[in-house]
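Contents: one structure, followed by commentary.
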Amino acid sequence: MVSTGVPLDTATIISTTLEGILYGFSVLMFIGTMWASTYKPDVNRSIASVAILLLMLSTAHVVVDIIRLEDGLVKYRDTFPGGPAAFFQDISQPTFVAKNLIYALQTMIGDGVVIYRCYVVWQSVWVIIIPVILWCGSSAAALIAPYYASQATGGTIYTNQTGRWITVLFALTLSTNMISSGLLAYRIWTIERNVSLIRATNGTMMPIVRVLVDAAIMYSAALFTILMCFVCANNAEYIMLDMIMPIISITFYMVFIRITLRKTTPNYLPMIYGAGIDGRRDSQQYPMKPLQVHISRWTQNDMD
């Protein structure tokens, strides 16, 4: 299969530039996440650990991409057979294998967080069985693809086993994200509908649903674009593949920051990041309206 779209050397320059822009934005959101994690005393501190890990992986991916760009355009520009375009097409290069391994870890963490949120809200293992199975499949594909890339002896990513496993990876990851986010949003919407009549406060959980849906749409749109580029053998997939790394971090930070800073719904945050939903929790989050009792007074006059 012959690749189409922009040349690979041009695609690499564009992808590294756009990834750097999104990475800078994700760093700002990481700073906001660290501040938000100390802003609320009841926030699960493990969230900070996940945020730091995502930042480290994103940083490592940017560094590898810069090294790869320098190798192809400067270091091996005149010595690699076929020039820069052929260098970037060679998927057995250590930098290509390394960046895909980093992406594999980032994807496993990002999808795992979405599944964990779904479990926390539903408090049922049965609900997340399908997402967990899909997560295991995508994790296996994410680790197998770099292996085949390191063993490649020719061809392009579209004709090599690596491309097939990457296609499986994006299909499974897209399914995992959409199913988990859909179940999560549906559960919160159901709880909001059930308690809206008995809740004494004016708070609502619908903004949380919108935050989760926004994050899911952003991530799913990027995954779907990459999948379509792979199917069509378009080199634009190299651009989107590099951009997806900071997008994973941005969606994670976005959900955390927007929910944490909602002053009108302070008790909803533990539901998404570490606390379950049960009868006791619901009774605390949604206090019953005060019962009003009207007592009529009867006066009896004794007439002699």
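Annotations for the structure displayed:
- Here the condition is being within 16 Å of Leu227 (Cα to Cα), of a type in the set (A, V, I, L, M), part of a helix (DSSP H, G or I) and within 17 Å of the chain's Cα centre (by Cα); of Ala145, Ala141, Ala171, it holds for Ala171 alone.
- Which numbered condition Ile66 misses (of (1) modelled with pLDDT under 85; (2) of a type in the set (Val, Ile, Thr); (3) surrounded by 13 or more Cβ atoms within 10 Å (Cβ to Cβ)): (1)
- Considering Ser15, Ser92, the condition of being at pLDDT 90 or above and either of a type in the set (S, T, N, Q) or not in a helix (DSSP H, G or I) (or both) is satisfied by Ser15 alone.
- Just one residue in the set Ile102, Ile31 is more than 23 Å from Thr153 (Cβ to Cβ) and crowded, with 18+ Cβ neighbours inside 10 Å; that residue is Ile102.
- Residues of segment 112-161 that turn out to be within 18 Å of Pro94 (Cα to Cα) and without any contact (Cβ under 8 Å) to a residue 24 or more places away in the chain, as a count: 6
The values are calculated or read from the model by the stated rules, or taken from the named source; none is laboratory data. Treat the numbers as computed from the prediction; the structure is a model and nothing was measured. Positions of Cβ are generated from backbone atoms using ideal geometry, with glycine treated the same way; all protein chains shown enter the neighbour counts.
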